[in-house]
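Notes to accompany the following structure.
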Amino acid sequence: IENADTKNPEETFTFQFTADHVTDTATPITAENMPALSNVTVKFDEGTAAVSGLSKTLTVPTPEGGWSGVGVYYYKVTEVSGNTLGVTYDSNELWLKVTVAYNEATDTYYTAFVTLSLDDKDKDGKTDVKIGGFENKYSAGSLEITKDVTGNLGDRKNASFNIGVTFTVPEGKTFDGTVKATIAGTEDATYTFTSGTKYTFALKHGQTAKFENLPYGVAYTIEEEDYTADNKGGYDAAQYKIGT
């Protein structure tokens, strides 16, 4: 996660393997007839990631039907990009290098060892840059809304003002994480983040509403109820100041 006071949503990442080439083999093995490797997934529970990171290990699948022969098998490994708002998916294309040897005692081919590298562009059978794996990041922040009453006839003690905020998740994105709403110092335990639905709360002068764990990229609108009528205090129309 990018910021320490945020909580990652639950997420399952998917990785796929694309057959590319084989070296060090006398058998005519091509990308077309290389054994296929099934996709692999790994799940991260909500709120488990940290700024320092959280690592999980993927188990490389053994191809159904076994290996075709001895050699060094190369597969492109990519992460399937998801659509969770606030999550940055790793776009790197890595190389999985599987060295397959022959076991004379069992008359079978087996996986001798496996390495992962950043690339092998020249396809010379040598890995260029070793790498640990893929990295994803969840980025979220907070929104604070403070009410400020001015003027000699403005009631800074008792008057309460209804304010509505609407959060919108961009088209093509999803978000099922937890957003915390704290109104005038008290957490609203009933609040649930819902895209496109207005959430209304009341603030007095000097009070603040805070929404925490908002994913980067979420849009929001804020609008105060109209208090310009005499029976509602006769206030000037609300003015909005945006700060950082």
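The values are calculated or read from the model by the stated rules, or taken from the named source; none is laboratory data. In this text the structure is predicted, and so the values were computed from the model without any measurement. No Cβ is skipped: glycine too gets one built from the backbone with ideal geometry, and neighbour counts run over all protein chains shown. Protein only, heavy atoms only, side chains kept; ligands, DNA and RNA dropped before computing areas. Shrake-Rupley method; radii C 1.70, N 1.55, O 1.52, S 1.80 Å.
Quick notes on this structure:
- If you go through the range 27-78 and keep only what is part of a loop (DSSP other than H, G, I, E, B), out of contact with any His (no Cβ under 9 Å at 6 or more places or on another chain) and aliphatic (A, V, I, L, M), you end up with ALA36, LEU37, ALA49, ALA50, VAL51, LEU54, LEU58, VAL60, VAL70.
- Filtered by the rule that a residue be on the phi < 0 side of the Ramachandran plot, touching a Gly at 6+ places or on another chain (Cβ under 6 Å) and either of a type in the set (Gly, Ala, Ser) or surrounded by fewer than 19 Cβ atoms within 10 Å (Cβ to Cβ) (or both), the range 17-41 gives THR23, THR25, THR27.
- Enumeration of residues in the range 16-57 that are under 15 Å from the mean Cα position of the chain (by Cα) and hydrophobic (A, V, I, L, M, F, W, C): VAL42, PHE44, ALA49, ALA50, VAL51, LEU54
- Any pair with Cβ under 6 angstrom, 6 or more apart, that starts in the range 48-70 at a residue that is under 17 Å from THR30 (Cβ atoms) and ends at one that is outside any loop (DSSP other than H, G, I, E, B) and hydroxyl-bearing (Ser, Thr, Tyr): TRP67/TYR109; VAL70/TYR102
- For GLU135, the conditions (1) open to solvent by less than 60 Å² (accessible area, probe 1.4 Å); (2) under 30 Å from TYR75 (Cβ atoms) are fulfilled apart from (1).
- Counting the residues of the range 161-190 that are part of a loop (DSSP other than H, G, I, E, B), exposed (fewer than 13 other Cβ atoms within 10 Å of the Cβ), without any contact (Cβ under 8 Å) to a residue 40 or more places away in the chain and not polar (S, T, N, Q) gives 3.
- Total residues in the range 3-16 satisfying the condition of being assigned to a loop (DSSP other than H, G, I, E, B), open to solvent by 60 Å² or more (accessible area, probe 1.4 Å) and in contact with a strand residue (DSSP E or B) (Cβ under 6 Å, 6 or more places away or on another chain): the figure is 1.
- The range 149-190 - residue that is among the polar types (S, T, N, Q) and at pLDDT below 95 and, of those, farthest from ASN213 (Cα to Cα): ASN152
- Qualifying residue in the range 234-242 (condition: open to solvent by less than 70 Å² (accessible area, probe 1.4 Å), within 24 Å of LEU85 (Cα to Cα) and within 28 Å of the chain's Cα centre (by Cα)): no
- Taken over the range 101-128, the criterion of being at pLDDT below 85, open to solvent by 70 Å² or more (accessible area, probe 1.4 Å) and over 17 Å from THR25 (Cα atoms) is satisfied by LYS121, ASP122, ASP128.
- The condition (being free of Cβ contacts under 8 Å to residues at least 24 places away in the same chain and part of a strand (DSSP E or B)) is satisfied by just one residue among ALA19, ALA101, ALA112: ALA112.
- Residue list for the range 200-241, restricted to those being closer than 26 Å to LYS137 by Cβ and not in a strand (DSSP E or B): TYR216, GLY217, VAL218
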